[in-house]
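The values are calculated or read from the model by the stated rules, or taken from the named source; none is laboratory data. Predicted model only: the values in this text are computed from it and were never measured. Cβ: placed from backbone, ideal geometry, glycine included. Neighbour counts: every protein chain shown.
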Amino acid sequence: MTTFYPKRMKFGIFMGPFHASNENPTLSIERDLELIEFLDYLGFDEAWIGEHHSGGWEIISSPEVFIATAAERTKHIKLGTGVSSLPYHHPLVLINRMILLDHITRGRTMLGVGPGALIGDAYMMGINPSQQRRQMDESLTAIMKLLKNDQPVTFNTDWFSLNEATLHIAPFTQPHFPISVAAAQSPSGMVAAGKHGASVLSMSTLRGGERSQNMNDFWKIAENTAKEFGHEMDRNEWQIVIQAFIANNKKDAMEKARIGAGRFQREYFEQTLGTPNVSNAKSIDSIIDQMVEDGAWCVGTPDDLIDHIKTVSDDSGGYGGTLLWAHEWASRKDTLNSYEMIARYVFPEFQQSTINQSNSQKWSMENRDRLVSFREAAIEQAEKDYKKSK
């Protein structure tokens, strides 16, 4: 299998967000905003913000409101819904809100879409979970019609209707802002992306074995579907989420993240969402050891993360953007330091940003004897000129 490598890999975060349910929500949201400000300073490309209405941990119910606030505090980073759960919204209302954000941010808005990840959300809204993927496809069909048609759109389903509908204002970004479909283990996301000509936002990490191969198989589903509908998929626009934490050495990284990462897995994914327990991990403080050993998480040094990204890229056939799961496994200071180390030492490996510096240093080293002789000759000449002037 030939691996695709982008000329410049994008880096961003996927912010659920994830906060323990016993924490002050006001301060948690403020930390989220401050994190995006810091990532903007570091040069991260994107931040994707989730939508959730139950579960206690992921406390942003309106990514659009959050994005509007974050946009006022940042200059460059692109801000996307990660993701808007389409069955929860009328498509005309949602797309008009996103267009408003597109104008407010001057083109820094992205729309990520999915069927809705939390069963609790759907249950409280009276939505049948077995119909959510079908409803997502119908909503995305309507959204694409609205974005691509100059004429009024009439489109009817059993849960929403469009009657001669048009966009209230045109998007700031032409022809429209980026649209990504969430794709985890079900192939429906890849099918939807291929069908509608959207990019892909993979919501899970690779864990080796068959699952690694499945990621590339999933991409082939999108490619094959795209061909059927006259579209072409672009691996540059495939984003894959990974879970990582970086420190100066692997031992420090493991110990700093040990308890927070264990609680994240056990208390949220297993106890709150009901996902299967991590096998062999009997205690919270031993979860990180197994997850790192299995390759599900990367906890270590910048070099460890570089190797991890290369492994994910090779196993998936290649992709264009790495999204870091925005967790709080460690202290605030250590969490921010992890992001800074990634920007300083991991970005250059995948963005070719230090090639000229390296070449310049190499040339200087190779020619240092000759250059030193020039410098010494110049100093000697300056001394002769000085003596002549006396």
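Looking only at residues in the range 256-282 that are closer than 29 Å to Asp303 by Cβ and exposed (fewer than 15 other Cβ atoms within 10 Å of the Cβ), which one is nearest to the chain's Cα centre (by Cα)?
Here the residue is Ser279.
Anything in the range 147-179 that is touching a strand residue (DSSP E or B) at 6+ places or on another chain (Cβ under 7 Å), buried (at least 17 other Cβ atoms within 10 Å of the Cβ) and touching a residue at least 24 places away in the same chain (Cβ under 8 Å)? List them, or say none.
Leu162, Ala165, Phe177, Ile179
Condition (residue is within 15 Å of Ala330 (Cα to Cα), of a type outside the set (S, T, N, Q) and either out of contact with any His (no Cβ under 9 Å at 6 or more places or on another chain) or part of a strand (DSSP E or B) (or both)) applied to the range 269-282: is it met by at least one residue?
The first filter runs over the range 269-282 and keeps only residues within 15 Å of Ala330 (Cα to Cα), leaving none.
No, the range 269-282 contains no residue that is within 15 Å of Ala330 (Cα to Cα), of a type outside the set (S, T, N, Q) and either out of contact with any His (no Cβ under 9 Å at 6 or more places or on another chain) or part of a strand (DSSP E or B) (or both).
Kindly indicate which of Trp48, Trp57 is in contact (Cβ under 8 Å) with a residue 60 or more places away in the chain, assigned by TED's automatic domain parsing to the domain that holds Ile29 and closer than 13 Å to Arg108 by Cβ. Even if it seems obvious, please write down each step before you answer.
Working: Trp57 fails: closer than 13 Å to Arg108 by Cβ.
None of the others qualify; the one that does is Trp48.
Being of a type in the set (S, T, N, Q) and not assigned by TED's automatic domain parsing to the domain that holds Ile309 is the requirement here; does Ser373 meet it? Before you say what the answer is, go through the steps one by one.
Values: of a type in the set (S, T, N, Q): yes; not assigned by TED's automatic domain parsing to the domain that holds Ile309: yes.
Judged against the criteria, Ser373 is a match.
Can we say Lys333 is surrounded by fewer than 10 Cβ atoms within 10 Å (Cβ to Cβ) and without any contact (Cβ under 8 Å) to a residue 40 or more places away in the chain?
Values: surrounded by fewer than 10 Cβ atoms within 10 Å (Cβ to Cβ): yes; without any contact (Cβ under 8 Å) to a residue 40 or more places away in the chain: yes.
For Lys333, the condition - surrounded by fewer than 10 Cβ atoms within 10 Å (Cβ to Cβ) and without any contact (Cβ under 8 Å) to a residue 40 or more places away in the chain - is met.
Considering only residues that are surrounded by 21 or more Cβ atoms within 10 Å (Cβ to Cβ), assigned to a helix (DSSP H, G or I) and touching a helix residue (DSSP H, G or I) at 6+ places or on another chain (Cβ under 6 Å), which ones fall in the range 225-255?
Ala226, the sole residue that qualifies.
Among the residues of the range 283-308, write down those that are surrounded by fewer than 21 Cβ atoms within 10 Å (Cβ to Cβ) and either on the phi > 0 side of the Ramachandran plot or among the hydrophobic types (A, V, I, L, M, F, W, C) (or both).
Ile284, Gly295, Ala296, Ile306
What's the number of the only condition in (1) more than 23 Å from the chain's Cα centre (by Cα); (2) closer than 27 Å to Lys220 by Cβ that Ala193 fails to meet?
Result: Ala193 passes all but (1).
Enumerate the pairs (first residue in the range 76-105 and closer than 24 Å to Gln131 by Cα; second residue anywhere and hydroxyl-bearing (Ser, Thr, Tyr)) with beta-carbon separation below 8 Å, excluding pairs fewer than 6 apart on the same chain, so at least 6 apart or on different chains.
Val83/Ser180; Leu86/Ser139; Pro87/Ser139; His89/Ser139; Pro91/Ser139; Leu94/Ser84; Leu94/Ser139
Test Lys362 against the criterion of being exposed (fewer than 10 other Cβ atoms within 10 Å of the Cβ) and farther than 22 Å from Asp45 by Cβ, and give yes or no.
Working: exposed (fewer than 10 other Cβ atoms within 10 Å of the Cβ): no; farther than 22 Å from Asp45 by Cβ: yes.
Taking the combined requirement at face value, the residue does not satisfy it.
Scan the range 230-252 for residues that are under 27 Å from Met215 (Cβ atoms), of a type outside the set (D, E, K, R) and in contact (Cβ under 8 Å) with a residue 60 or more places away in the chain and report the count.
First, the residues of the range 230-252 that are under 27 Å from Met215 (Cβ atoms): 230-246, 250.
Next, from what is left, pick out any that are of a type outside the set (D, E, K, R): 230-231, 233, 236, 238-246.
Then drop every residue that is not in contact (Cβ under 8 Å) with a residue 60 or more places away in the chain, which leaves 236, 238-246.
Residues in the range 230-252 being under 27 Å from Met215 (Cβ atoms), of a type outside the set (D, E, K, R) and in contact (Cβ under 8 Å) with a residue 60 or more places away in the chain: 10 in total.
Is there a residue being over 29 Å from Gly262 (Cα atoms), at pLDDT below 95 and not in a loop (DSSP other than H, G, I, E, B) anywhere in the range 342-355?
The first filter runs over the range 342-355 and keeps only residues over 29 Å from Gly262 (Cα atoms), leaving 348-355.
When the remaining residues are screened for being at pLDDT below 95, the result is 352-355.
Pick out the ones that are also not in a loop (DSSP other than H, G, I, E, B) and you get 355.
Yes; the residues of the range 342-355 include at least one that is over 29 Å from Gly262 (Cα atoms), at pLDDT below 95 and not in a loop (DSSP other than H, G, I, E, B).
Suppose we filter the range 61-79 for residues that are out of contact with any helix residue (DSSP H, G or I) (no Cβ under 8 Å at 6 or more places or on another chain), surrounded by fewer than 23 Cβ atoms within 10 Å (Cβ to Cβ) and farther than 21 Å from Gly43 by Cβ; how many remain?
Selection size over the range 61-79: 3.
Which of the residues that make up the range 52-82 are among the basic types (Lys, Arg) and touching a Lys or Arg at 6+ places or on another chain (Cβ under 7 Å)?
Of all residues in the range 52-82, those among the basic types (Lys, Arg) come to 73, 75, 78.
Hit for the range 52-82 is Lys78, nothing else.
In the list Ser338, Ser353, which residue meets the criterion of being within 20 Å of the chain's Cα centre (by Cα) and either surrounded by 11 or more Cβ atoms within 10 Å (Cβ to Cβ) or assigned by TED's automatic domain parsing to the domain that holds Glu30 (or both)? Spell out the reasoning first.
Numbers: Ser353 fails: within 20 Å of the chain's Cα centre (by Cα).
Result: Ser338 is the single residue among Ser338, Ser353 that is within 20 Å of the chain's Cα centre (by Cα) and either surrounded by 11 or more Cβ atoms within 10 Å (Cβ to Cβ) or assigned by TED's automatic domain parsing to the domain that holds Glu30 (or both).
Residues checked against (1) of a type outside the set (Ser, Thr, Tyr); (2) modelled with pLDDT under 95; (3) in the same structural domain as Phe264 (by TED's automatic domain parsing):
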residue	(1), (2), (3)
Phe4	yes, yes, no
Phe14	yes, no, yes
Ala20	yes, yes, yes
Pro25	yes, no, yes
Glu64	yes, no, yes
Thr69	no, no, yes
Thr74	no, no, yes
Lys78	yes, no, yes
Arg106	yes, no, yes
